[in-house]
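Only the coordinates and a few stated rules stand behind these numbers; no lab work does. As the structure is a computational prediction, the values presented were derived from the model and not from experiment. When we count neighbours, we look across all protein chains shown, and the Cβ atoms used for this are built from the backbone with ideal geometry, even at glycine.
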Amino acid sequence: MIYITRKENFNAAHRVFLPELSDEENYDRFGACSNPNWHGHNYTLFVTIKGKPDKDSGYLFDLKKLSRLIKELVIEKVDHKNLNLEVDFMKGLIPSSENIAMAVFNLLDPELRKQGVALHCVKLYETENNYVEYFGEED
């Protein structure tokens, strides 16, 4: 089994909050991430796929094709957007890093399966010090 990873970047705003709570209660629960006027991040997204390389080409999957797929399905939808208000696949979710990573995985997984490769992991850096990894649900 071989693993290859493609890195992409995007910038987005969000607010981590529960609408049924007051601004003060949200601040107590989520800190500055609950700022009513939003805040933003320069996210770094790593998408790792796995499988066996093709005997003829030596490739598991063309990384240019993987990049195009990630950009089409994810980056074009989130870059310079408000994750709470403008991103269809985040509707109804608190846009925490955890939820973003799971939503990205769920977007990419079926398309990559159609292409004959398995999605291993989505890693999302929210800051240089904080990241989340999602490997999908246990089978």
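For segment 2-134, what are the per-bin percents of Cα-Cα distances with bins 5 Å wide, up to the bin holding the maximum?
With a bin width of 5 Å, the distribution comes to 2, 10, 19, 22, 17, 12, 8, 5, 3, 1, 1, 0, 0.
Excluding same-chain residues fewer than 8 positions from LYS71, which lysines have a Cα within less than 20 Å of its Cα?
Hits, sequence-local ones excluded: LYS7, LYS50, LYS81, LYS91, LYS114, LYS123.
How far apart, in nm, are the 7 Å Cα→Cβ label points at THR44 and ASN11?
Taking the simple label geometry, THR44 and ASN11 are separated by 1.7 nm.
Using DSSP, restrict attention to beta bridges with both residues in the chain and report what percent are antiparallel, rounded to the nearest 5.
Counting only bridges with both partners in the chain, antiparallel ones make up about 90 percent.
Could you list the residues of segment 8-37 with an amide nitrogen less than 15 Å from a label point located 7 Å from the Cα of SER96 in the Cα-to-C-beta direction?
What the label zone holds, given the 15 Å backbone N cut-off, is 15-19, 26-34.
Using the count of nearby Cβ atoms within 10 Å as a rough guide to exposure, how do ARG6, ARG68 rank from fewest to most?
ARG68, ARG6
Aspartates and glutamates within cross-link reach of LYS64: Cα-Cα under 15 Å, excluding same-chain residues under 8 positions apart?
Counting by Cα, and skipping residues close in sequence, LYS64 has these aspartates and glutamates nearby: GLU8, GLU72.
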